[in-house]
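K.L.:
Could you have a look at this structure, given as structure tokens, before my questions?
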């Protein structure tokens, strides 16, 4: 079974790829905001990924828990760039999808 530190490293790599591919013009801001969210969510992510890996959470449960964290993404750097709410929502959804898919790759 993978460890949480390995997951965080894989997640950072995936975040950079997500930012480079989907947010080229705002890559650095996207990486900053995504990284800040990951850092603030570490305790929950560690607990939930452990439960996911041990079978205590289903994929659907994990996705639901992550979706519940959408409102906690602050996006300070991207908001400073003047992005519209629709674009910010698209970033948040992509960030959550990146976290979920990375957890599935690492732990399942």
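K.L.:
Which whole-number percentage describes the relative contact order of the chain, with Cα contacts under 8 Å and a sequence gap of 6 or more? Walk me through the numbers on the way to the answer.
P.N.:
Working: 79 pairs, mean separation 45.1, N = 108.
Answer for the chain is 42 percent.
K.L.:
Using 0.36 nm times the number of residues separating residue 50 and residue 21, minus their current alpha carbon distance, what extension gain do you get? Can you show the working numbers first?
P.N.:
On the way: separation 29, 0.36 × 29 = 10.44 nm, distance 2.92 nm.
Extending this stretch completely gives an extra 7.5 nm.
K.L.:
Also: State the Cα centre-to-centre distance between segment 53-108 and segment 1-33 in whole Å.
P.N.:
12 Å
K.L.:
For a quick check, take a GNM of the chain with Cα springs below 10 Å and name the residue from 83, 45, 15 with the largest mean-square fluctuation.
P.N.:
Looking only at 83, 45, 15, the largest GNM fluctuation is found for 83.
K.L.:
222 nm [θ] for the chain, helices only, -39500 (n - 2.57) per DSSP H run of 4+, per residue, to 500?
P.N.:
Result for the chain: -24500 deg cm²/dmol, rounded to the nearest 500.
K.L.:
What is the spread of the Cα atoms of segment 4-107 along each of their three principal axes, largest first, in whole Å?
P.N.:
42, 23, 19
K.L.:
Give the residues of segment 54-81 whose amide nitrogen is closer than 15 Å to a point set 7 Å from the Cα of residue 10 in the direction of its Cβ.
P.N.:
Residues 54-55, 59 qualify, since their backbone N sits under 15 Å from the label point.
K.L.:
Moving on to the next point. For 49, 98, what ranking results if the residue with the fewest other Cβ atoms within 10 Å of its Cβ goes first? Mind showing how you got there, number by number?
P.N.:
Values: 49 25, 98 19.
The most exposed by this proxy come first: 98, 49.
K.L.:
Between residue 3 and residue 80, what is the label-point separation in nm under the 7 Å Cα-to-beta-carbon projection?
P.N.:
Output for this residue pair reads 3.5 nm.
K.L.:
Same structure again: Pop a pseudo-label 7 angstrom from the Cα along the beta-carbon direction at both residue 36 and residue 101 and give the gap in nm to one decimal.
P.N.:
Simple spin-label model gives 2.5 nm for this pair.
We did not get these values from a lab; they are worked out from the coordinates using the rules stated. Bear in mind the structure is a predicted one, so any value in this text is a computation, not a measurement. Glycine also receives a Cβ, built like all others from the backbone with ideal geometry; neighbour counts cover every protein chain displayed.
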